[in-house]
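The next block holds one structure in the form of structure tokens; read it before the comments.
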Amino acid sequence: MRKIFFLCLMSCCSAAFAQRDTIAVNEGWQFAVDKKAEGLSAKWFETSLPRNRVVNLPHTWNIEEENQNHYGWGWYQKKITVPTGWKKKNVVLQFGAINHTSFIYVNGKKIDENIGDGFNKFYINLTGKLNYGKDNVITVAVNNDYGTNKVPFGSSFDWPNDGGLIRKSAFIVSDKPSAAYIHAVPKLNLSNNEGQLKVKLGFDTPISSNVKFSINITEENQPTKNSIYTATTKPLWQNNEAVVDIILPKVNPWHFDFPNLYRIDVTVLNGKTATDKVSAVVGFREIKMEQGKTYLNGERIKLMGVEWTAGSNPDYGFAETDSIILSQCKLMKNVNAIFTRQHFQQDDLFYDFCDRNGIIVQQEVPLWGPETPANDTIRSIAMKQLERMVSNMYNHPSIFSWGVGNELRGRDADMKQMIADLLKKSRELDPSRMTAYVSNTLTTSFYNNPKFTPDAANDGDYLMMNEYGASWWDIPQGKIHAYLDSVHLSYPDKPFFISEFGLCEPNFKGGDQRRLEDLIYHMAIYESKPYVEGAIYFDLTDYRTHYPGTAEKNKFRRRIHGVYDMYGKPKPSMPVLRELSSPVEIQQARQWKKGKLNLLIFGSIGLPQHTVKGYKLYVSDKADNYATTKAYDLPDIKPGERINFEVDDLYNGGGTITIVRPTGYVVTQKSFY
């Protein structure tokens, strides 16, 4: 294995390697579990790991039979041969995520540590720290105990606690000067679809004033792949970043049904020599909230979606492969998700899918639960996580907002101050996006209480409220209406979103039939409230957790909370969620003249709510063969608009009617037999 890796590195130093290369470092890691916590004192980082075995990344020990309940230390080690030619290059080691605390050593010397941040991607610059032309040993000590120097704090979170190198790793090798990051700020001019683009590059070390950028912008996932901008220019320097402002006369906006993307390639030129090349994929869109209402590119919309909890498949845990991540993303689209939130940071592939398939994301720092203190340690870790998260995910058009926590003590003065400071920091880090806090204490006190003080959620740009009436909230179902009205009247100018709702088993028994009834009842309430701007169903799948749930005490411990099981098998509630989340309704199929059916179709005025454009309709004899039949182009349908649509009567007044988004996902499918 060492020889193969050596050859890979050497090939990257050929003439073809002119600027930058990313070299995967995922195969052939030595791994040893450290159940006695002896590795640090025994200096395992200076020797070969005892009792080791070979693993590939991503990896977690908590899905292994003998290590399912080990929450402590695990060690990884890899030997590589570094080419002599790297001595003149910039060499960075990238870890996709290590859960949750890690110490990183090179050749027995500690070079970095990552404390209490288990889900963010991070980078270590190894320039000058390697033995060039020789073997080098990378050792990583990982801890996933329920410690207090981490976010989420202790055991205050409701997902698995899988330890390890849970995402992929890579070397990033480039000539000098080398960019540390590229951030792009796209802005859409709604009056003429002009694109205004600010491209910002950061550098870890000072660079020459002779540096220029060669920039090429191309259509990424669109029917054409045109290059729309090419130029070589000298950047301006603003706030220690090299900045170029670009005007694009006409761009295709990003929309969840038309997720148009553009690729920005920037080559760094030191004189006439290309030293580095970085890229970003962006979309031009405007998400705005005014007077309690939500707008996408100037269109009044309402949103509906679902959240996926990563690590839920017990065969993979947090060490999910690309194929597993993509399969879960597709399940989200199969229930019509155009809106989601993430309690903790995900693999880049998740956000790339949302960019390309149209899901709007609130991305959060994993501060979770009332046990979380607002002390200096947690504040410092949370701030650092927020900074790293924003920098890593800056270019994704799917992300519209940064979330700073979930179900904290939103009425307590110390926690309110920490939440307010995190919200302020997120605005400073990224003025182009909104920010919010997800509350479960908005119903604690209302405007008509003489001692009323606003909840911490009021400091966000909009309200996000977890709503569990008649389950976690032990109130009659009929009171949910009044609670929602009281929250709205207490914060009348804030756009109001339901950030979670659903049924959690086994805490609340009743099986999927109760889940289905709960889903229908709650959706009916939200759709009756004109001030509810969107909702997120929780959860996509049953999910693994360390919290008390089912009787299992191992990797199968879970909350039964999804419309799919842990392996992605749909439950009867799945098609119900899909139909309730459709922007278009098929209500009738009637024979009205020989050989023709008349379909009565409405644009939804519930959740979601937006104009339907570019959708196709199919008539088939079965649900699974619609794609083999004739495709009818539906006209644009606005919310509340009624159309009568004529199709061929192939099945004597019956058939299965399927409507499909421009992105290829089914939005509604009904049988009229």
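The values are calculated or read from the model by the stated rules, or taken from the named source; none is laboratory data. Not measured: the values here are computed from a predicted model. Because the Cβ atoms are built from the backbone with ideal geometry, glycine has one as well, and the counts that use them run over all protein chains shown. Just the protein is used for accessible areas: all its heavy atoms, side chains included, with ligands, DNA and RNA removed. Shrake-Rupley method; radii C 1.70, N 1.55, O 1.52, S 1.80 Å.
Measuring only protein heavy atoms, the 1.4 Å probe finds ASP158 accessible over about 20 Å². Checking the Cα-Cα distances for LYS187/LYS288; LYS129/LYS212; LYS212/LYS277; LYS78/LYS129 against a 21 Å cut-off, the pairs over it are LYS129/LYS212. The angle between the Cα long axis of helix 322-334 and the main principal axis of the chain comes to about 20°, on a 0 to 90 degree scale. Surface composition of the range 78-142: carbon and sulfur atoms hold 48% of the protein heavy-atom accessible area at a 1.4 Å probe. Per residue, the average separation of C-alpha pairs within less than 8 Å and at least 6 apart gives the chain a relative contact order of 10 percent. Across the protein chains, with a 1.4 Å probe defining accessible surface, the residues ARG427, ARG433 rank ARG427, ARG433 from largest area downward. Accessible surface comparison of SER604, SER432, probe 1.4 Å, protein chains only, largest first: the order is SER432, SER604.
Global dimensions of the range 590-665 from alpha-carbon coordinates: Rg and Dmax equal 12.7, 36 Å.
Compare the Cα positions of GLN222, THR233, GLY195 along the charge dipole of the range 194-234 (+1 at Cβ of Lys, Arg; -1 at Cβ of Asp, Glu; about the Cα centre) and return the one farthest towards the positive end. In the range 194-234, that residue is THR233. The range 184-235 and the range 16-78 have Cα centres lying 39 Å from one another. Charged side chains reduced to their Cβ positions (Lys and Arg at +1, Asp and Glu at -1) give the range 593-670 a dipole of some 80 debye around its Cα centre. In summary, the convex hull built on the alpha carbon positions of the range 467-617 has an orientation-averaged projected area of 12.3 nm².
Put simply, the Cα atoms of the chain extend 80, 56, 54 Å along their principal axes, the longest span coming first.
For the range 563-630, dividing the convex hull volume of the Cα atoms by the residue count gives 141 Å³ per residue.
Considering only protein heavy atoms and a 1.4 Å probe, what is the carbon-and-sulfur percentage of the accessible area of the range 445-555? Working shown, then result.
Working: 2350 of 4320 Å².
Here it works out to 54 percent.
Per-residue SASA remark: THR435, around 0 Å² accessible (1.4 Å probe; ligands, DNA and RNA not included). When only alpha carbons are used to place a centre, the range 610-660 and the range 341-369 end up 32 Å from one another.
If the Kirkwood radius is taken over C-alpha pairs of the range 174-287, then at 25 °C and 0.890 mPa s the Stokes-Einstein diffusion coefficient equals 168 µm²/s.
Other residues with beta-carbon under 11 Å from the beta-carbon of PHE353 carry, at +1 per Lys or Arg and -1 per Asp or Glu, a net charge of -2. Here, the range 534-673 is characterised by an Rg to Rh ratio of 1.10, where Rg is the alpha-carbon radius of gyration and Rh the Kirkwood radius. For the residues PHE153, PHE256, a 1.4 Å probe over the protein chains yields an accessible-area ranking, largest first, of PHE153, PHE256. Taking the centroid of alpha carbons for each part, the range 276-306 and the range 430-450 are 21 Å apart. Only helical runs count toward this figure. For the chain, summing -39,500 (n - 2.57) over DSSP H runs of n ≥ 4 and dividing by all residues gives -5000 deg cm²/dmol at 222 nm. Of all beta bridges that DSSP places with both ends in the chain, some 80 percent have antiparallel geometry. Annotation: the range 258-331 has a Kirkwood hydrodynamic radius of 16.9 angstrom, from the mean reciprocal C-alpha pair distance. Placing unit charges on each Cβ (+1 for Lys and Arg, -1 for Asp and Glu) gives the chain a dipole about its Cα centre, and among PHE446, THR629, ALA141 the Cα reaching farthest toward its positive end belongs to ALA141. Computed with every protein chain present, the accessible area of GLU407 is close to 30 Å² [probe 1.4 Å]. All other residues whose Cβ lies under 10 angstrom from that of GLY283 are scored, Lys and Arg at +1 and Asp and Glu at -1, for a net of 0. For the range 292-369, go through all pairs of different Cα atoms, get the mean of 1/r, take its inverse, and jot down that Kirkwood value in Å. The Cα-based Kirkwood calculation yields 13.6 Å.
Counting only protein heavy atoms and a 1.4 Å probe, the chain has 39 square angstrom of accessible area per residue. A Cβ-based charge dipole, computed about the Cα centre of the chain with Lys and Arg at +1 and Asp and Glu at -1, lands at about 1500 debye. What is the local net charge at GLN196, summed over the other residues whose Cβ is closer than 15 Å to its Cβ (Lys, Arg +1; Asp, Glu -1)? Value of the local net charge: +2.
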